[in-house]
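In what follows, a single structure is set out as structure tokens and then discussed.
The values are calculated or read from the model by the stated rules, or taken from the named source; none is laboratory data. Note that this is a predicted model, so its numbers are computed, not measured. Virtual Cβ from ideal backbone geometry, glycine too; neighbours counted across all protein chains shown.
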Amino acid sequence: MNSSEERAPLWRQLNATAGVIMAVRQGASGTAAIETVPSELRAGVQALAFHVWRNLGRAQALRSKLASKLPPPPADALLCVALALAWQRADAPYDMFTLVNQTVEAAKRGASTKAQASFLNACLRRFLRERDELVAATDKDLVALWNHPLWWITRLKKDHPGKWQAILEAANKHAPMTLRINVRKSNLADYMTLLAQTGIVARPTFEGALLLECPVPVQHLPGFADGWVSVQDAAAQLAAPLLLGGLPISGDMRILDACAAPGGKTGHLLELTDSLVVALEVDHRRAERICQNLVRLGLEATVLTADAARPQEWWDGQLFDAILLDAPCTASGIVRRHPDVRWLRRESDIAQLAQLQKNMLHALWKLLRPGGRMVYCTCSLFLAEGSDQVQTFLTHNTDALLLPSAGHLIPQNGAFFEGVPDNQVSDYDGFYYALLQKRLA
């Protein structure tokens, strides 16, 4: 935290955090909402907002016990922020009485909350007096218990009946910082030595990813600016090796990375092969991020701002040997990194995104040469965006063969694999992977 953040009064941070929470409730992404926060407050507000999203179910349940009717949206957001930060003694970032006083001050200072300042004061003072009883009264509320919307919990119970609780537990934990070593410039053992020399503790995770004991700013990573290493979750690092693993690698191979931003998987593909890679991204600003990441890595790809589902607008007619489709999805597997997603998504989004995924699969399959391979992946745990989607695709495309692949990866937080050396820990996000091959004619 910089000096300007340290000087910023807590009531300002609480007001800004409430604004971010309200923006997500109205349909904005958490990332976009946080970007609108004044720069001197942004880091602190992001930390507070992440804490609130991980505890918002409990906060909303407590608010229902304290208020007979729903307050106006700005006041409700501020009240829920305070309750999310205060309800758990051991995890509270501030002294309780300080938090209540500063929340009331924030209400008084806000044009849209000034009229509810006394109401918020009464609710929070009552919460301080009756905390244990109020928390106990919400313990049987599934939304309060798991801090996810009820429809989300219900869907996970249906899709993963034996694992839904472990999934939700993992979702509420902090994500680790995981690195991918650029094999063109270093290797795991040498880079671990470099980290140790700078006092950074790391250990291998599955499939060669490197897990840091504590996150650090990227500028503290040896060689980061020169492309020696990238930050990428261990599960996301499976995509490129899975796609390339069964193909005869040659310099004249043509590979398509559809929906490529921010470019992590594009970079990984280029680190492993000298082939021609075409990277697509429909949003021009996100396409620029692909280019920036490739410049840092010292790699080159053909980056196009285009819609993967509409190849008639960008395809040159030459078939691809391999296609990576990291399709748009609910992001239900990465909520520990993006805790706003659970409150941003609606259940109806699943069907809409599944239709988009279907359209992309259908459009891009035509661009794959016979004998070529496609990896379809999503950072989702919902079957409709994973195994159900692929089974439907296989039913309607008899020239497609499903090869051995990971399927649904359930999020892990530090659990050890059986048979994996003791120094290799599994800690990764939730993903779905299917490796498809187009049959020869």
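All but one of (1) farther than 21 Å from G430 by Cα; (2) not assigned by TED's automatic domain parsing to the domain that holds I334 hold for F206, so report the exception by its number.
Of (1) farther than 21 Å from G430 by Cα; (2) not assigned by TED's automatic domain parsing to the domain that holds I334, only one is false for F206: (1).
Every residue in segment 36-95 that is touching a residue at least 60 places away in the same chain (Cβ under 8 Å), under 23 Å from K108 (Cβ atoms) and in contact with a Ser or Thr (Cβ under 8 Å, 6 or more places away or on another chain), please.
Answer for segment 36-95, where residues must be touching a residue at least 60 places away in the same chain (Cβ under 8 Å), under 23 Å from K108 (Cβ atoms) and in contact with a Ser or Thr (Cβ under 8 Å, 6 or more places away or on another chain): A49, L62, L78, V81, A82.
In the list A308, A279, A287, which residue meets the criterion of being touching a Ser or Thr at 6+ places or on another chain (Cβ under 6 Å), at pLDDT 95 or above and crowded, with 22+ Cβ neighbours inside 10 Å?
A279
Condition check: of a type in the set (A, V, I, L, M, F, W, C), more than 25 Å from G407 (Cα to Cα) and either modelled with pLDDT of 95 or more or in the same structural domain as A59 (by TED's automatic domain parsing) (or both). Does L179 satisfy that?
no
Condition test on A235, is it buried (at least 18 other Cβ atoms within 10 Å of the Cβ), within 22 Å of D427 (Cα to Cα), of a type outside the set (V, I, T) and touching a residue at least 60 places away in the same chain (Cβ under 8 Å)?
Criteria met by A235.
Here is a check on your reading of the model: is R296 assigned by TED's automatic domain parsing to the domain that holds D257, at pLDDT 95 or above, charged (D, E, K, R) and touching a Ser or Thr at 6+ places or on another chain (Cβ under 6 Å)?
Judged against the criteria, R296 is not a match.
Say we look at segment 57-111 and pick out the residues that are under 26 Å from the mean Cα position of the chain (by Cα) and in a loop (DSSP other than H, G, I, E, B); which of these is surrounded by the most Cβ atoms within 10 Å (Cβ to Cβ)?
Result: W87.
Check A196 against each of (1) farther than 30 Å from L78 by Cβ; (2) of a type in the set (A, V, I, L, M, F, W, C); (3) within 23 Å of the chain's Cα centre (by Cα) and name the one condition it does not meet.
Here A196 meets the rest and fails (3).
Quick one: how many residues across segment 326-363 are part of a helix (DSSP H, G or I) and either of a type in the set (S, T, Y) or in contact (Cβ under 8 Å) with a residue 40 or more places away in the chain (or both)?
10
Looking at the structure I just gave you, is V229 crowded, with 19+ Cβ neighbours inside 10 Å and closer than 23 Å to L272 by Cβ?
Spelling it out, V229 is indeed crowded, with 19+ Cβ neighbours inside 10 Å and closer than 23 Å to L272 by Cβ.
Does any residue of segment 291-298 turn out to be more than 21 Å from the chain's Cα centre (by Cα), in contact (Cβ under 8 Å) with a residue 24 or more places away in the chain, in a strand (DSSP E or B) and crowded, with 17+ Cβ neighbours inside 10 Å?
No.
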